[in-house]
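A.B. asks: The following block contains the structure, expressed as structure tokens.
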Amino acid sequence: MEDHKRRNFLKLGLIGAVVGAIQPLKAGGLFTQSFETKIDGPLVVSTWNHGLAANSAAWEILSKGGKALDAVEKGVRVTEADVTNRSVGIGGMPDRDGHVTLDACIMDEESRCGAVGFLEGIDHPISVARAIMEKTQHVMLVGSGAKKFALEQGFGQIKTPIPPVKEEYKKWKKENQDLFKKPEINHENHDTIGLLALDIHGNLSGACTTSGWAYKLHGRLGDSPIIGAGLFVDNEIGAACATGLGEAIIRIAGSHTVVELMRHGHSPMDACRLAVERIISKHKDLTNLQCGFLAIDKNGNVGAYSVYNGFNYALKTNKEEKLVDAPFNRSW
Ligand code: GLY
């Protein structure tokens, strides 16, 4: 064997021996101990105050020892069905051509995931995302293909925009003859719902669903249907979801970044803060650039952080149920 090849071979041999030595330690508990679940019950958190109702629905499953995956789906379906909600599901705002297009994704403790984007006229995008995860070999379906799949699976059809939203759209269109005027994220509009759950078995899952940026360009996808941007779950570490300007969240693979920061030892709060700071560092103009992250770790610790003030999240455990204002980097 030539000398340099032999040296490389020996190096690899040494790495193999070290990895081999780590495995028994892992099996013996040294590594698993640091990720041990210490919660004394399940936990659910979700973005914004619409999260309170979603958490209650998720809790019906979690409190009976059910699975986090079932809980996250059931939770956000409540928000999707709320006709008064203008940023999620049936009551969502349209794009600038008048179409309500819905985005959603779901991820479970086995790193299985499903996503749907640019879906029109179907009542529960989160359940379509779950069906894609469970019944196809794919992760994501979009547009007419996603709709065809949903109809084949027996999902209900809806007519959108619903009448009050149609009225609002007509008014907006009249007042915005220049349709390519930069649309603004309305931070009062409460945006996406991202919901994360830790079940009694110590397993994590997450769900994220939205109608996206009101008056967006037809065909636009935000962060919410993108695994790693709007949502990410790693059952060994934690889970994170995002809300706000999807374009900025996609640029830093936001939710994945938060989970990776937790993997490297940061608390959920610090991980969310560091991800927000990364977004800030990548943008010269922060006008209207609101983004927030929400995260839980495997031990049931919770954290959140946003660019601007105003972001809050709902939390429910065996002991408490509340809305929490997230810390932020700057004020409006
Ligand atoms: N975060 C939702 C969106 O940008 O579509």
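Quick note: the coordinates plus some simple rules give every number you see, no bench work behind them. Just so it is clear, the model here is predicted, and its values are computed rather than measured. All Cβ positions, glycine included, derive from the backbone under ideal geometry; neighbour counts span all protein chains shown.
A.B. asks: Within the range 229-318, list the trypsin sites (Lys or Arg not before Pro) lying in a DSSP loop whose Cβ has at most 13 other Cβ atoms in a 10 Å radius.
C.D. replies: On the way: sites: ARG251, ARG263, ARG273, ARG278, LYS282, LYS284, LYS298, LYS316; in loops: LYS282, LYS284, LYS298.
For trypsin sites (Lys or Arg not before Pro) across the range 229-318 that sit outside H, G, I, E and B with at most 13 neighbouring Cβ atoms in 10 Å, the list reads LYS282, LYS284.
A.B. asks: To continue, here is another question. By how many nm would the segment from ILE280 to ASN301 lengthen if fully extended, with 0.36 nm per residue of separation less the alpha-carbon distance?
C.D. replies: Going from the current span to full extension adds 5.1 nm.
A.B. asks: What length, rounded to one decimal in nm, is gained on full extension from SER63 through to THR84, with 0.36 nm per residue of separation minus their alpha-carbon distance?
C.D. replies: 4.8 nm
A.B. asks: On a full-extension model of 0.36 nm per residue, what is the gain between SER56 and LYS171, subtracting their alpha-carbon distance, rounded to one decimal in nm? Spell out each step's value before the answer.
C.D. replies: Working: separation 115, 0.36 × 115 = 41.40 nm, distance 3.55 nm.
Extra length available between SER56 and LYS171 comes to 37.8 nm.
A.B. asks: In the neighborhood of LEU196, defined by Cβ-to-Cβ distances under 13 Å, what is the net charge if each Lys or Arg adds +1 and each Asp or Glu adds -1?
C.D. replies: -4
A.B. asks: Further, regarding this structure: Once label points are set 7 Å from the Cα along Cα→Cβ at both LEU323 and ARG251, what is their separation, rounded to one decimal in nm?
C.D. replies: Modelled inter-label distance: 3.0 nm.
A.B. asks: Further question: Once you list every other residue whose beta carbon is under 9 Å from the beta carbon of ARG263, what net charge do they have if Lys and Arg are +1 and Asp and Glu are -1?
C.D. replies: Working: positive: none; negative: ASP234, GLU236, GLU260.
Overall, the nearby charge balance is -3.
A.B. asks: Further question: Against the empirical 2.2 N^0.38 Å scaling, what ratio does the C-alpha Rg of the range 226-332 come to? Walk me through the intermediate numbers first.
C.D. replies: On the way: Rg = 12.9 Å, N = 107, 2.2 N^0.38 = 13.0 Å.
Taking the Cα Rg and dividing by 2.2 N^0.38 Å, one obtains 0.99.
A.B. asks: When the label point is put 7 Å from the Cα of ASN288 along its Cα-to-beta-carbon vector, which residues of the range 243-281 have a backbone N closer than 16 Å?
C.D. replies: 244-249
A.B. asks: Among LYS298/LYS319; LYS64/LYS298; LYS64/LYS322; LYS148/LYS174; LYS216/LYS284; LYS135/LYS159, which pairs are too far apart, with a Cα-Cα distance over 29 Å?
C.D. replies: LYS148/LYS174
A.B. asks: Please list 71-80, 58-67 highest first by mean number of surrounding beta-carbon atoms within 10 Å per residue.
C.D. replies: Ranked by mean Cβ neighbours within 10 Å, highest first: 71-80, 58-67.
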